[in-house]
Each structure stands twice: as structure tokens, then as C-alpha cells.
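Visitor: This is the structure I have questions about; it appears just below.
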Amino acid sequence: MTVDLRRAPLVAVRGVDLRAPERDLWADETAIHDRLIATWPGLDQAAWRLPGAAPSDAGGPDWSLAEHVGHLVDWQELAIDYTRRALDTGTWPRDEDYAGGDFDRFNEARRDPWRTIARDELLGRFAASRPRLLALAADIGAETIRTDAVWSWIYLTLHGHYLDHLGIIEAWTSSLLQRQADGDPFVEDPRPVDHAAFVAADAVIEADLDAVLRTIPPDRWDGDPLTPGWSLRDHVGHLADWGDEGARVIEAHRPGQEWPADPDEGVDAWNERMVLAHRDESSGETIDRWGEARDRLRGSVARLSLDDLRSPDGWSWAYDCLYGHVRKHLAVIGPWAARLGWPAA
């Protein structure tokens, strides 16, 4: 039976002999790489720093997602150097070259800068180091890579390494994405100290959404449901619906007045009615409507006093109709979009 490396349970993938001569080394690497990089799209930057992904094997504090991915990058960059030397000299490293063979201690000492590096810089280094290492590996050749002298130094810094960490990363990112979809801000108090901080935080999340949406072809906006009964266009249209509603409420609010509650018909009924009302839109029209609603809401928030913005009700109408809302939907849209280009199962 063929095991789909992208979709099968990890226990089944680990049962495949990826060193077997009949395996396509490069296709296997691509599949497991695809699986790895589909675990984090849509995840808020703050979530990358949270400890708890896994305990340290060397007695240090728990590792975060940023440190795990940084560890993969670190070894890819190390492998680029030692593979280049091996191609020139024919000599591969020894375990003893790394903290006397104590890899746990070696890795623990290299957790900086991964704990502090910006998420996008970290992912940029991951994206840059992999093709450089693959190009060197191609010069070695798949048959030589499978030999005892080379296998652990190439396979275990590419898809073997991804596979080792997927057991942690898949479970951890899945739990973080669910928390994000449920509204967890990943910080003790997400309210900004001033309007400029609100604008900056909104810009980061909006850029994340834009980066995901730009990868999705127009014909997939109304394809298979993203969530039961809702397409991607429905999700983005829903953001626009609440953007307009939030702007309407904030524009009507006067200092000292009570804030209105949610729609009388109930949030779920209101959501369904609004989505159905815009089902005839094209994806382009939905994007334009979201852009107009977002800009209107931003303008409304800018006119609020800081006290109103930070008040429980004011914060709910501003944050939960703007980037707080986008965060929730990104947690669903991101992983879905990352898997769109996968080959059929």
C-alpha cells in the first residue's frame, strides 16, 4: 500500500523505509517539506514565541515553535558548510565534532538567536537554506547519500529532520491555531497603549491575510467549502460584513453613552443572513468590499478616544471587528490555503 507522506498519520510515514533504493529521495523530501510548511500559515507572530512546544532534552526551559523551526534552519546552514567541505575533501563530520557527540547539549547552546528573531526573518532563512542544501545534495547523488557515511549528514538535516520534529510541530501548531480561532490573543492584554500601536498591530495581521489570499487562484474562492457551508469568499465577505457593522456602531457612538449589543436576531443568524445576501459576488468584488469596510472601520477607530478604544465594549467593536476578527479566520484560512497546491491524495 502506498503511504501518502503529506497526509498519512505520522506513525505510518515513519514506517516507510525512505532509504530504500526504489524510493525517489527528492520527491520524498518535497512531500515532507510540504507537510512541514503547511503547519504554521495563519499563525499569529506572538504564538511563535510561546514556550510549551516540547521540553528541553538538556534541562533548559521549554522550547517554542520559533526555536524548533530555528533549530531546523540552524542544521541546514551547518549542513551547507560541512557538505561543501565534504565535496571538496571527501571528509564528513564526526559526531564528536559537536559538543563531543552530546547533540542535546550542542543544540541547547544554540537556541539564540531563534528565540528572539522575527518570524518572517526566520522563515526567510529557512526558505533560503533549503534550496542551497538541496543543490549540494544533488551534486552528491542519491545513491551516495544512501551510504552509511553520508546518510545521517544529509537525510537527517533535510526531510529526516523535518520528520523528527513534525511529531511536535504538528500537534503544537494545531493547538495554537485552535486557540487563535477561539480568540486567544497570546498576550496578557492585547489592548494598545495608543492609537499608533493599534494601527501597527492591525497592519501586521492584515499583511498576513494579504500574503495568504494572494496565493489562492480565483477559481478556488468558491470551490470546496473551507468550513462546512462556507467558501473562502464567504469567509472574506463575513469579515467585510463585520467591518461595516463595527464602523456603523462606532460612528453612532457618543462618549458617555452605552454601547449597543450584538444584533437582536443573534450572531449566528445574522452571519448566515449576511453571507447569503452576498453569494452572487465575485471574489474580486468581495475583496473590494472587505477593503472598503476595513478602511471605513479604521477611520472610525481613529476618531475614538483612547479611553473608549480601551474600554471593554469599545475594544470589542474595534478589535473584534478588525484585526482580532481577521486573526480568527486566518487560523482557518492559512492551513487550508497551504494545502491547496498539494498533489491529489
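The values are calculated or read from the model by the stated rules, or taken from the named source; none is laboratory data. Remember, predicted model here, so these are calculated numbers, not experimental data. Don't worry about glycine lacking a Cβ; one is built from the backbone with ideal geometry, like all the others, and counts go over all protein chains shown.
Visitor: Has the range 20-41 got at least one residue that is among the basic types (Lys, Arg), touching a helix residue (DSSP H, G or I) at 6+ places or on another chain (Cβ under 6 Å) and either farther than 22 Å from Leu65 by Cα or surrounded by fewer than 20 Cβ atoms within 10 Å (Cβ to Cβ) (or both)?
Guide: No, the range 20-41 contains no residue that is among the basic types (Lys, Arg), touching a helix residue (DSSP H, G or I) at 6+ places or on another chain (Cβ under 6 Å) and either farther than 22 Å from Leu65 by Cα or surrounded by fewer than 20 Cβ atoms within 10 Å (Cβ to Cβ) (or both).
Visitor: Those residues that are in a loop (DSSP other than H, G, I, E, B), among the polar types (S, T, N, Q) and over 16 Å from Ala338 (Cβ atoms), I need them from the range 27-57; list them, please.
Guide: Hit for the range 27-57 is Ser56, nothing else.
Visitor: Of all residues in the range 80-94 being surrounded by fewer than 14 Cβ atoms within 10 Å (Cβ to Cβ) and among the charged types (D, E, K, R), which is farthest from the chain's Cα centre (by Cα)?
Guide: Result: Asp88.
Visitor: Restricting to the range 223-256, and then to whatever is buried (at least 17 other Cβ atoms within 10 Å of the Cβ) and modelled with pLDDT under 95, can you tell me which residue is nearest to His278 (Cα to Cα)?
Guide: So the residue we want is Leu226.
Visitor: Let me spell it out: the conditions are (1) over 15 Å from Val13 (Cβ atoms); (2) touching a Ser or Thr at 6+ places or on another chain (Cβ under 8 Å), and Trp172 meets all of them except one. Which number is the exception?
Guide: Single failed check for Trp172: (2).
Visitor: Given the criteria farther than 23 Å from Trp151 by Cβ, touching a His at 6+ places or on another chain (Cβ under 8 Å) and not hydroxyl-bearing (Ser, Thr, Tyr), does Ala58 qualify?
Guide: No, not satisfied.
Visitor: May I pose another question? Restricting to the range 58-79, what's the tally of residues that are in a helix (DSSP H, G or I), surrounded by fewer than 23 Cβ atoms within 10 Å (Cβ to Cβ) and either acidic (Asp, Glu) or at positive phi (or both)?
Guide: 2
Visitor: Can we say Gln178 is without any contact (Cβ under 8 Å) to a residue 60 or more places away in the chain and either in a loop (DSSP other than H, G, I, E, B) or closer than 19 Å to Ala46 by Cβ (or both)?
Guide: Against the criterion (without any contact (Cβ under 8 Å) to a residue 60 or more places away in the chain and either in a loop (DSSP other than H, G, I, E, B) or closer than 19 Å to Ala46 by Cβ (or both)), Gln178 does not qualify.
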